[in-house]
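Okay, structure first, notes after.
Every number here is computed from the coordinates shown, using simple stated rules; none is lab data. These numbers were taken from a predicted model, which means no experiment stands behind them. Cβ atoms come from the backbone with ideal geometry, glycine included; neighbour counts cover every protein chain shown.
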Amino acid sequence: MVDGFEYPIKEWAEIKDDYKNGNLIIGNGASVALYQKFHFDSLKEEAEKLKLFNEDISKLFIEFDTCDFELILRLVWHAKLVNKHLGIIDLKIDSAYDNIKKALIEVVKEVHCEHVDIVDELPQLYQFTKQFRTIVSLNYDLILYWILMYGNRHEDGHKFKDCFQANGSFRNNWQDLRNPIRREREVTLAFYQHGNLSIFRNAKNIENKLQRGGFESLLEVVTSQWCDEKIPLFVSEGTGTKKLESIKSSPYLSTIFYEVLPNLITESSNLVIYGWGVGEQESHLIQQVIKEDAVGKIAISTYSKDQNECHRINTLIKEISSNIEIEFFDSQSEGCWNNPDSI
């Protein structure tokens, strides 16, 4: 309760009809609901706990004043590529790159689930996510990727599309993919705003998604395509400013940021936020999603049901647009995300 007012925490079943054919943002809380090891603050900190960094790598994080695993990986990778093309032998750079690469693989193995860990929940996840016309994941894990794979094996007229073509490249005229073709009755477009372990970029900043049907091994995703010429595309952690810099460095992430996010809430499509705390470190995303003249409804999941947190989020959004109607719902209520209906 805040100053005598209490924000109602609704059941998903009470409000779901208002969000049919709307849009969905999923945050880390969605992954944690499926696998508790996703509940970590920093890949870098996890790597340090596992003692995966040598002294030189630890110095780099200090020197560049960052906790961003991906940024340090990219900096050392670029240095290695420059040396290679200039014919320079630098064993220290080579060693640093190998250390970071191995550390990333090991820490991902430590915190990420395997496909078998969530396979029983995929039917419910599919039923929930197929209700929306656009899904934006703020996670770089493989949860949404596995949901898409599962859903597209069904022949029920629904189709998930992540806008990557058969050759692995992103389709620039992605909007055209909203239109159903052949046996499709409805389409859901899916995007990874912070990248994904299955998406890689090369030295020329050309981005491709791993094209391999039916894979289930996480380690295989990270290592099968990872060579000296390309690295995984993901934004791990850091301040909002640093995250925005990483987004702007990628054509794919920039497309989502500038073209997809601003259209998630409109007069004709409402927005559901599941498992995202709408924190200050991601204010750059909030400002893209919620515009001053925006009109519509936003349903935000809450696990803690903390009234002070509801008030903070409500105030933050209302300061941007007073026309947005905000409601909160229980993240564990029936029918939402991985919570099955009782009937």
Original post:
Any idea what the dipole of the stretch 123-256 comes to, in debye rounded to 20, about its Cα centre with Lys/Arg Cβ at +1 and Asp/Glu Cβ at -1?
Top reply: 420 debye
Original post:
So if R0 is 22 Å, what FRET efficiency would residue 102 and residue 124 give, r being the distance between their Cβ atoms, rounded to the nearest 0.05?
Top reply: 0.05
Subject >> Kirkwood hydrodynamic radius over Cα pairs of the chain, then Stokes diffusion coefficient at 10 °C and 1.306 mPa s, in µm²/s >> reply: 75 µm²/s
Subject >> Straight-distance crosslink candidates among lysines, where the alpha carbon sits under 21 Å from residue 130 and sequence neighbours closer than 8 are dropped >> reply: 16, 20, 159, 161, 297
**OP:** Could you work out how far apart the two model spin labels at residue 303 and residue 166 are, taking each label as a point 7 Å from the Cα in the direction of the beta carbon, and quote it in nm?
**Re:** 4.1 nm
**OP:** For helix 307-320, report the angle its Cα long axis makes with the longest principal axis of the Cα atoms of the chain; keep it between 0 and 90° and round to the nearest 10°.
**Re:** 90 degrees
Subject >> Gained length - residue 176 relative to residue 82, 0.36 nm times residue gap less alpha-carbon distance >> reply: 30.0 nm
Original post:
For the stretch 52-65, in order, what is each residue's ³J(HN,Hα) by Karplus, 6.51 cos²θ - 1.76 cosθ + 1.60 with θ = phi - 60°, in whole Hz (x at glycine and Pro)?
Top reply: 8, 9, 8, 4, 4, 5, 4, 5, 5, 4, 5, 4, 9, 6
Subject >> Kirkwood-Stokes translational diffusion coefficient of the stretch 1-122, alpha-carbon pairs, 20 °C, 1.002 mPa s, µm²/s >> reply: 118 µm²/s
Subject >> Note, ³J(HN,Hα) from phi for the stretch 243-250, Karplus 6.51, -1.76, 1.60, rounded to Hz, x at Gly and Pro >> reply: 5, 5, 4, 5, 4, 5, 7, 10
Subject >> Expected 222 nm ellipticity per residue - DSSP helices of 4 or more, -39500 (n - 2.57), all of the chain, to 500 >> reply: -10500 deg cm²/dmol
Subject >> Simple spin-label estimate for residue 11 and residue 311 in nanometres, 7 Å along Cα-Cβ >> reply: 2.8 nm
Original post:
Counting other Cβ atoms within 10 Å, which trypsin sites (Lys or Arg not before Pro) in the stretch 1-75 have at most 12 and lie in a DSSP loop?
Top reply: 20, 51
